[in-house]
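K.L.:
Below you will find the structure I want to go over with you.
Nothing in this text is a laboratory measurement; each read-out follows from the coordinates by a stated rule. Because the structure is predicted, anything quoted here is derived from the model rather than measured. Note that we place each Cβ from the backbone using ideal geometry, even for glycine, and neighbour counts take in every protein chain shown.
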Amino acid sequence: TRADKEGHKHFMAKEIAEQPTVIAEAIRAYLPSGSDEVRLPGEGLDFGQVDRLTMVACGTAYFACLTAKYWFEQLARIPVEVDIASEFRYREPPIPDRTVALFVSQSGETADTLAALRYCEGKADKIVSVVNVPESSIARESQLALEIHAGVEIGVASTKAFTCQLSVLLMLALKAAQDRGTLTPEQIADHLSALRGLPALLNAALDQEDAIRTAAQKLSEARDVLFLGRGAMYPLAHEGALKLKEISYIHAEAYASGELKHGPIALIDKHMPVVVMAPRDALFDKSISNMQEVMARKGKVLLISDDDGIAEAQDGVWSTVRMPHAHPSLTPILYAVPAQLLAYHTAVAKGTDVDQPRNLAKSVTVE
Ligand code: G6P
């Protein structure tokens, strides 16, 4: 009903708009006001005793894991493996000593993820989950269940659960850095203060909706769309492509920018929109040189970047979306917003059923 959507046309639009609020709640849950360190519930977890992290999930939750790999490796120097649950469970990988197995699931009921968790029982040192539903099977069967506090998510295409998963995973990576002493207390404090500013940044990203709607109008005429990103923006490119194909039925795929030459460049012509997600960070120049390779072949570039990035690289691009400048660890969370809004407005322009896309289910409890 209209009331449930609180004035929004779709649940997906409502859930995208709720992100600053629910993320503020997730941050409060693990970082109580005034606290200078991340706090986990129960007896917690000492990452000083951990040599390796194995993360397993499906769909959007899998892309949250792929993003978190960058944080755990860079901030806490823990080797991380990320796997799709349906592959992991049948491959039956060896689980070395001092491994933490981490399962990410919005519903906590995805059949493949639950089977992967059960495979790790008695093999991993600790079974941890990151879930939205604390009463779910995955939460109940884990030794430590971390709630993401996203609230009920109704749109089949996951939005606020994804950014809440990312926020909790970033806090977990910071807790790991704390335990392992891989960041100085000042560096931790710097991250935590940046995190506390995340809801305001998300609001600023949401303010770009008109520009994104205009870009989406153009995108809705495409047959195929390519998403490019580097570093932690690479999993984000995957999430952007997934959202777009799920609800607009436009074929979309993601590539690591540096892989462009190894295949997808053959597809580029004037009919091919390419979404480039590139904050002005340490990898920006590399991303922009890949973007120029696209434009040299008449590909139409939609550049999502911050003021500095756009000022530097907007010559000849088809369209731009401006994000606020943010701490480099926060950009994967922030850039999820334009990726979601782009898919949403493209689907609206095409007139597809945004909240109930064909053939998809919110929770996949059978194999
Ligand atoms: C389905 C949903 C996706 C979700 C995936 C994993 O495919 O449509 O939105 O990301 O399942 O679900 P989970 O509940 O385990 O996060």
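K.L.:
If r is the Cβ-Cβ distance from GLU87 to ARG39 and R0 is 35 Å, what FRET efficiency results, to the nearest 0.05? Please report the intermediate quantities before stating the final value.
P.N.:
Working: r = 34 Å, r/R0 = 0.96.
Calculated transfer efficiency: 0.55.
K.L.:
Largest first and in whole Å, what are the equivalent-ellipsoid semi-axes of the stretch 1-94 based on the Cα gyration tensor, each being the root of 5 times an eigenvalue?
P.N.:
Semi-axes from the Cα gyration tensor: 31, 23, 11 Å.
K.L.:
Now for a separate question. What number results when the radius of gyration of the stretch 294-343, computed over Cα atoms, is divided by 2.2 N^0.38 Å?
P.N.:
1.20
K.L.:
Go through PRO41, CYS58, ILE16 and say which Cα lies farthest out towards the positive end of the charge dipole of the stretch 1-65; charges sit on Cβ, +1 for Lys and Arg, -1 for Asp and Glu.
P.N.:
ILE16
K.L.:
Let me ask another. For q values of 0.18, 0.21 Å⁻¹, compute log₁₀ I(q)/I(0) with the Debye formula on a Cα-only model of the stretch 124-164, without solvent.
P.N.:
-0.52, -0.66
K.L.:
On to the next question. For the chain, which span is the longest to avoid every loop-located (per DSSP) member of trypsin sites (Lys or Arg not before Pro) having at most 12 other Cβ atoms inside 10 Å? Walk me through the numbers before you get to the answer.
P.N.:
Working: sites that count: ARG2, ARG39, ARG98, ARG223, LYS270, LYS298, ARG358.
It works out to 99-222.
K.L.:
Still on this structure, I have one more. Can you give the extra length, in nm with one decimal, that the chain gains between GLU367 and GLU293 once fully stretched, where that is 0.36 nm per residue apart less the Cα-Cα distance?
P.N.:
That pair, GLU367 and GLU293, stretches by 22.5 nm at full extension.
K.L.:
With +1 assigned to the C-beta of every Lys and Arg and -1 to the C-beta of every Asp and Glu, and no other charges, what is the dipole magnitude of the stretch 173-268 about the Cα centre in debye, to the nearest 20? The partial results should precede the final answer.
P.N.:
Numbers: 10 positive and 12 negative charges, 32 e Å.
Around 160 debye, computed over the stretch 173-268.
K.L.:
So what's the back-of-envelope 222 nm ellipticity for the chain, counting only DSSP H runs of four-plus at -39500 (n - 2.57) apiece and dividing by all residues, rounded to 500?
P.N.:
My calculation for the chain gives -13500 deg cm²/dmol from helical runs alone.
K.L.:
If you don't mind, there's one more thing I want to ask. Kindly provide the GluC sites (Glu not before Pro) of the stretch 97-152 that DSSP labels as loop, not H, G, I, E or B, and whose Cβ sees at most 12 other Cβ atoms within 10 Å.
P.N.:
Details: sites: GLU109, GLU121, GLU135, GLU141, GLU147; in loops: GLU109, GLU121, GLU135, GLU141.
Those that pass, being in a loop and sparsely packed, are GLU121, GLU135.
K.L.:
So, one more: Of VAL50, VAL275, VAL168, which has the largest mean-square fluctuation in a 10 Å C-alpha GNM of the chain?
P.N.:
Fluctuation is largest for VAL50.
K.L.:
Mind jotting down the three principal axis lengths of the stretch 44-164 based on Cα atoms? Whole angstrom, largest first.
P.N.:
39, 30, 25
K.L.:
Simple spin-label model, 7 Å along Cα-to-Cβ: ASP210 to GLU135 in nm?
P.N.:
The modelled label-to-label distance comes out at 4.4 nm.
K.L.:
What is the dipole size for the chain, taken about its Cα centre, with +1 at each Lys and Arg Cβ and -1 at each Asp and Glu Cβ, in debye to the nearest 20?
P.N.:
Computed charge dipole of the chain: roughly 760 debye.
K.L.:
When the chain is modelled as a GNM with alpha-carbon springs shorter than 10 Å, which of GLN19, GLN187, GLN356 fluctuates the most?
P.N.:
Of GLN19, GLN187, GLN356, the most mobile in the Gaussian network model is GLN187.
K.L.:
Here's another thing I want to ask about it. With a bin width of 5 angstrom, please list the P(r) values of the stretch 241-367 as percents of all Cα-Cα pairs, from the 0 bin to the one holding the largest distance.
P.N.:
2, 10, 19, 20, 19, 15, 9, 5, 2, 0
K.L.:
Mean projection of the alpha-carbon convex hull of the stretch 208-293 over all orientations, in nm²?
P.N.:
Working: hull surface 22.6 nm².
Spelled out: convex hull of the Cα atoms, projected over all directions, averaged, 5.6 nm².
K.L.:
Report, in cubic angstrom per residue, the convex hull volume of the C-alpha atoms of the chain.
P.N.:
Values: hull volume 49.2 nm³, N = 367.
Hull volume over Cα atoms, normalised by residue count, gives 134 Å³.
K.L.:
Mind checking the angle between helix 233-248 and the chain's longest principal axis? C-alpha axes, 0 to 90 degrees, to the nearest 10.
P.N.:
In the chain, helix 233-248 runs at an angle near 70 degrees to the longest axis.
K.L.:
Can I ask one more? For the stretch 1-66, run through the GluC sites (Glu not before Pro) and keep only the ones in DSSP coil with at most 10 other Cβ atoms within 10 Å of their Cβ.
P.N.:
On the way: sites: GLU6, GLU15, GLU18, GLU25, GLU37, GLU43; in loops: GLU6, GLU18, GLU37, GLU43.
In loop regions of the stretch 1-66 (DSSP not H, G, I, E or B), the sparsely surrounded GluC sites (Glu not before Pro) are GLU43.
K.L.:
Let me ask something else about it. Please give the per residue volume of the convex hull enclosing the alpha carbon atoms of the stretch 141-240, rounded to a whole number of Å³.
P.N.:
164 Å³
K.L.:
Once you charge only the Cβ atoms, +1 for Lys and Arg and -1 for Asp and Glu, what is the size of the charge dipole of the stretch 1-125 about its Cα centre, to the nearest 20 debye?
P.N.:
Result for the stretch 1-125 is approximately 340 debye, rounded to the nearest 20.
K.L.:
Pick from PRO324, PRO94, PRO357: which residue has the top mean-square fluctuation in a GNM of the chain where Cα pairs under 10 Å get a spring?
P.N.:
In this elastic network of the chain, the residue with the biggest mean-square fluctuation among PRO324, PRO94, PRO357 is PRO94.
K.L.:
Let me ask another. In the stretch 193-289, which chymotrypsin sites (Phe, Trp or Tyr not before Pro) are in a loop and have at most 12 other Cβ atoms within 10 Å, using DSSP for the loop call?
P.N.:
Filter output for the stretch 193-289: empty list.
K.L.:
Hey, can you grab everything whose amide H is under 5 Å from the amide H of MET323? Only 5+ residues off in sequence or another chain; H modelled, so Pro and N-termini drop out.
P.N.:
Distant-sequence amide H within range of MET323: SER305, ASP306, ASP307.
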